[in-house]
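Bear in mind that the values in this text are calculations on the coordinates, not laboratory data. Predicted model, so just to flag it, every value in this text is computed and none were measured. Cβ: placed from backbone, ideal geometry, glycine included. Neighbour counts: every protein chain shown.
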């Protein structure tokens, strides 16, 4: 059994509960990624979601997320960090090549992570498995 790969990248949003600042930072980050690819947000960002959930005690949780199909990643913003999920297994980060279930070659998961770091304008990040992210 294999576990999923996760990439943690620091961000400047210290609290997602500060809705105005978090929303501005979220939008600016999507624009920065699109600018990295020399395009628009509509060309490179899909499945943008901002979900507010309240529990029975009145506390609320906000989820900010989007996908970047070109990098094959799902992105979630948390207070102080981005939680990025490449469509790869943790073990695939260490192997340069593998074939999917249809026999088609897949590139190194390390490339997805490195390109995600560059798109987010960062040089530092942490690789985790799904249980430790």
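Quick one: if the Förster radius is 30 Å, what FRET efficiency do residue 60 and residue 101 give, using the C-beta to C-beta distance and rounding to 0.05? Can you show the working numbers first?
Working: r = 40 Å, r/R0 = 1.32.
E(calc), rounded to 0.05, equals 0.15.
At 7 Å along the Cα-to-beta-carbon direction for both residue 111 and residue 78, put a label point, then send me their distance in nm to one decimal.
For residue 111 paired with residue 78, the spin-label model returns 2.9 nm.
Suppose R0 equals 30 Å. What FRET efficiency, 1/(1 + (r/R0)^6) with r the Cβ-Cβ distance, do residue 19 and residue 129 give to the nearest 0.05? Mind dumping the intermediate values first?
Working: r = 32 Å, r/R0 = 1.05.
That pair, residue 19 with residue 129, gives E of 0.45.
May I have the convex hull volume per residue, in Å³, for the Cα set of the stretch 11-89?
Values: hull volume 8.1 nm³, N = 79.
Given the Cα convex hull of the stretch 11-89, per-residue volume reads 103 Å³.
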